[in-house]
1. Within segment 59-97, track down each residue that is of a type in the set (A, V, I, L, M, F, W, C), open to solvent by 30 Å² or more (accessible area, probe 1.4 Å) and in contact with a helix residue (DSSP H, G or I) (Cβ under 8 Å, 6 or more places away or on another chain).
2. Given the criteria exposed (fewer than 15 other Cβ atoms within 10 Å of the Cβ), among the acidic types (Asp, Glu) and in a helix (DSSP H, G or I), does GLU308 qualify?
3. Taking LYS82 as meeting all but one of (1) under 28 Å from the mean Cα position of the chain (by Cα); (2) among the charged types (D, E, K, R); (3) more than 16 Å from the ligand (Cβ to nearest atom), write down the number of the exception.
4. Name the residue, out of TYR452, TYR410, that is assigned to a helix (DSSP H, G or I) and open to solvent by less than 30 Å² (accessible area, probe 1.4 Å).
5. Only one of (1) part of a loop (DSSP other than H, G, I, E, B); (2) within 16 Å of the ligand (Cβ to nearest atom); (3) under 29 Å from GLN172 (Cβ atoms) is not met by ASN70, so which one is it?
6. Within segment 1-49, how many residues turn out to be surrounded by fewer than 16 Cβ atoms within 10 Å (Cβ to Cβ) and among the small types (Gly, Ala, Ser)?
7. Name the single residue, out of those in segment 455-489 being on the phi < 0 side of the Ramachandran plot and of a type in the set (Asp, Glu), that is most open to solvent (accessible area, probe 1.4 Å).
Amino acid sequence: MNKYKVTIGMEVHVELKTDSKMFCSCKNALGHEKEPNIHICPVCTSQPGTLPVPNEQAIRFVQLAGLALNCELNLKSKFDRKNYFYPDLPKGYQISQYDQPLCGKGHLNIGGKEIGITRIHLEEDTGKLIHPKGADHTLVDYNRAGVPLMEMVTEPDIENGEQARIFCTKFQQICRYLNISDADMEKGNMRCEVNLSLYKEGEDKLSGTKVEVKNINSFKFVEKAINYEIERQTELLEKGEKVVQETRGWDSVKNVTVSQRKKESAHDYRYFPEPDIPPMEFTQQYVEKLKMALPELPDDKEKRFASEYGLNEKDVQIITAQSDLAEYFEQVICEIKEKITSHEVESPEDKVTKLAVNYIISELRKHLVENKHEIKDLKVTPENYAEFIGIVADGKINSSAAQTVLKEMYHTGGDPSQIIEEKNLGQMEDSFEIEAAVEKVIDNNEKSVQDYKSGKQNALQFLMGQVMKETEGKAHPMKVIEILKKKIG
Ligand SMILES: [Zn+2]
């Protein structure tokens, strides 16, 4: 099976989160429109005599992406017409970029491997065709026509499905850090195409026949589609058959790729410079200014979080996966530091920090997923969360009470101390109260007491459970065991 090596390049389209469309002032609602054809105008529906005006924000977004992917920004760039006919494209051509894209060569590191970036350019999205079930006609919605679309092309440096998945995930993370796109595959504002070919060890890595896979709507499917293609093409080559140059689509139900279009020759799009938009020129000074505007990027944030907060690799990756979660975490740590300085929290900082991470990863994220919420929907303020973590760290409530408190905080945004008081969840310090509960349990469970006396260890666990129930989980478990043993004797 390992006679063949694989070479993969990717083309990723990302819809940009600009205020308005690419060449007109229509609102860019990114699919959140309530009705079809409400954000359209003579420009994006291509009425005669209209002129496109490039969106400065979209240009800046692409250049920021370029800087984040270590690309060279071209100081001279222009738009071109890509001619083809399709009913979702009102002009009969797409304004795109041909030989002078906004961004030239760059690279992105994924786990120690460098993936070359060929270019990033800017173009406009098309409208959408709707085929009503059973109808003998097709509808067209131009809300999406003219939405700014960024296209990033990689060098054929990717070697397998896993690398492709990691690459796409990282690119998505960067787009989100830059706040230039939601880059959501399922919603179609990020679309990945895979170019894949197999070659024999020792041969030129581009000697194989290129197969394109499109219509993949999740990173998991990117990986699966690649693995499937590698297997399919290896089998063909093993049998001495030829791989056909074609475009295939991913069928996520059958878990296979299916042939969509045979490619006899490359498309002739008859590119030529867009005559209605003058070429663009940028100064080095402008580029330097853009660099200053770049936020801290995922790799740098990961490194800093590991050294500054002593987090392990896995925790760092989860906390920095989204920039708003990372920001939330840093605000929490800031609050915790204050509480330690003012002696409101007695536990050492590293212990509290670790606990803050653990509760974010296990509890807070669970609530977010269950309620389909984002970090921005979070009602628990960093201050309240820090207070909560301090209370847990100092042992003022046990872990089951902690879960109850956090859940309540999650839904109401309430203050932890108040919730603990209202729900009477504080840890039972008074052994007198625990003793009373133990006595009651012993009186009510004679059989279990006898069982324990005759050597059945399980019986003690049962009795302990009863005491915890009696004290609503507030008694310290070690203390309960101690008193139980003493009383049963
Ligand atoms: Zn418009």
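The values are calculated or read from the model by the stated rules, or taken from the named source; none is laboratory data. Computed from a predicted structure; not experimentally measured. Cβ: placed from backbone, ideal geometry, glycine included. Neighbour counts: every protein chain shown. We work out accessible area using only protein heavy atoms, side chains counted, and drop any ligands, DNA or RNA first. Shrake-Rupley method; radii C 1.70, N 1.55, O 1.52, S 1.80 Å.
1. Selection gives LEU75 alone.
2. yes
3. (1)
4. TYR410
5. (2)
6. Of the residues in segment 1-49, 4 are surrounded by fewer than 16 Cβ atoms within 10 Å (Cβ to Cβ) and among the small types (Gly, Ala, Ser).
7. GLU482
Here's the yes/no breakdown for (1) more than 22 Å from GLY395 (Cβ to Cβ); (2) of a type outside the set (Asp, Glu):
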| residue | (1), (2) |
| --- | --- |
| ALA437 | no, yes |
| SER448 | yes, yes |
| GLN457 | yes, yes |
| LEU460 | yes, yes |
| MET464 | no, yes |
| GLY473 | no, yes |
| LYS479 | no, yes |
| GLU482 | no, no |
